[in-house]
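I have placed the structure first, in the form of structure tokens, so that the comments after it can refer back to it.
The values are calculated or read from the model by the stated rules, or taken from the named source; none is laboratory data. Since this is a predicted model, take the numbers as computed values, not measurements. Cβ coordinates were reconstructed from backbone atoms using ideal geometry, including for glycine residues, and neighbour counts include every protein chain displayed. Ligands, DNA and RNA are excluded from the accessible area calculation, which covers all protein heavy atoms including side chains. Shrake-Rupley method; radii C 1.70, N 1.55, O 1.52, S 1.80 Å.
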Amino acid sequence: KYAHENAQFIPYNRNYEVKWKEFRISDEDKLGEGTYGIVFKGCLVESPNGTVAVKTVRSEVDKSVLLALLSELKVMIYLGQNENIVRLVGACTEFLREGRAYVLVEYCPMGSLESYLREKPYCINDITPDYVNMVNTDSGEEMLSTMDDIISRKDLVSWAIQIARGMQHLQNKKVIHGDLASRNVLLYTKDRVKITDFGLSRQLLNYENYVKKSQALLPWRWLALETLKTLAFTSKSDVWAYGITLWEIFSLGLIPYPGMVWTVDFVDYLEQNHRLSIPKYADEEIYNIMTRCWEPDPKNRPDFEQLEEMLQTLSK
Ligand code: ACK
């Protein structure tokens with residue numbers, strides 16, 4: 001369903017090939033299911049203690065899903081390493097003829113930012129909230145681990161900065177993510193987030209604009225106004241999605257545009273300059289950064305370098 005014309009031209013680097021016999025998938029350890037496929041926990045035979053995440057496609061799905069996985073693989077190879085992008089470990093392409101492929105990436109033990117935000121208690125201004133003192137703890141150690149689990153404003157700002165850094169790398173390499181959202185940001189540790197899911201990404205090569213062919217499965221809540229109208233994806237439509245991701249972070253994982261369902265009227269709604277309102281855990285300064293990402297004219301939106309700068313001055 002998705003266009004992957006450009007990724008097709010990126011060569012597959014055979015150095016990444018891992019033989020079927022060289023890794024194990026633990027079937028009972030399914031990490032989850034994405035739009036396209038399944039993610040399993042696994043390991044390399046030579047280093048059984050090193051856990052990896054194995055992405056594959058559901059057997060019954062059509063060919064376009066397999067193509068999306070292969071394009072994701074090639075985009076990851078092209079991107080190379082970056083602190084804030086999930087690292088590619090290898091890929092198994094032996095069974096392509098049978099419609100199967102496996103992409104091995106580093107395992108992020110704390111799962112997606114979206115689920116983390118929704119689960120953890122939050123404390124404003126880094127002051128221990130009362131309920132932490134009320135937790136029935138037998139030892140001080142247990143108390144400390146409870147403290148570790150609490151999200152503070154400092155964490156939220158730090159995650160926002162790291163996502164902007166990872167996106168700078170994409171922007172510089174002229175890769176459009178196309179599906180930036182808190183569900184596609186993983187926590188490696190509490191202090192380190194990494195961007196994932198390049199299944200929808202487009203490698204721009206010489207194109208400044210890239211026009212998608214199908215409207216199926218569009219993540220409309222994250223899409224820029226012009227993308228909804230023309231299906232054109234650019235780095236500046238990634239900036240819009242980044243603003244929505246900021247809103248998710250500072251609402252602690254609410255669904256953007258709560259209660260709304262997709263209709264074409266949503267385009268008019270945005271065109272009349274309606275935007276998400278200030279989320280509960282953001283101050284005016286942070287909300288101001290988000291709204292700059294949602295400027296109707298893409299030229300007026302900041303780029304990822306400017307976004308990092310704006311956030312850096314905040315955290316001081
Ligand atoms: O929130 P989660 O536990 O974290 O559920 C989703 C699910 O798989 C579907 O995407 C998890 N997931 C995806 N990639 C990884 C990874 N590299 N390491 C750990 N968990 C992952 C994600």
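Some notes on this structure:
- Remark: the range 30-102 carries 48 Å² of accessible area per residue (probe radius 1.4 Å; ligands, DNA and RNA excluded).
- Carbon and sulfur %, accessible surface of the range 212-316 computed with the full protein complex present, 1.4 Å: 53
- Take the Cβ atoms of TYR122 and THR230, set R0 to 35 Å, and the FRET efficiency comes out at 0.40.
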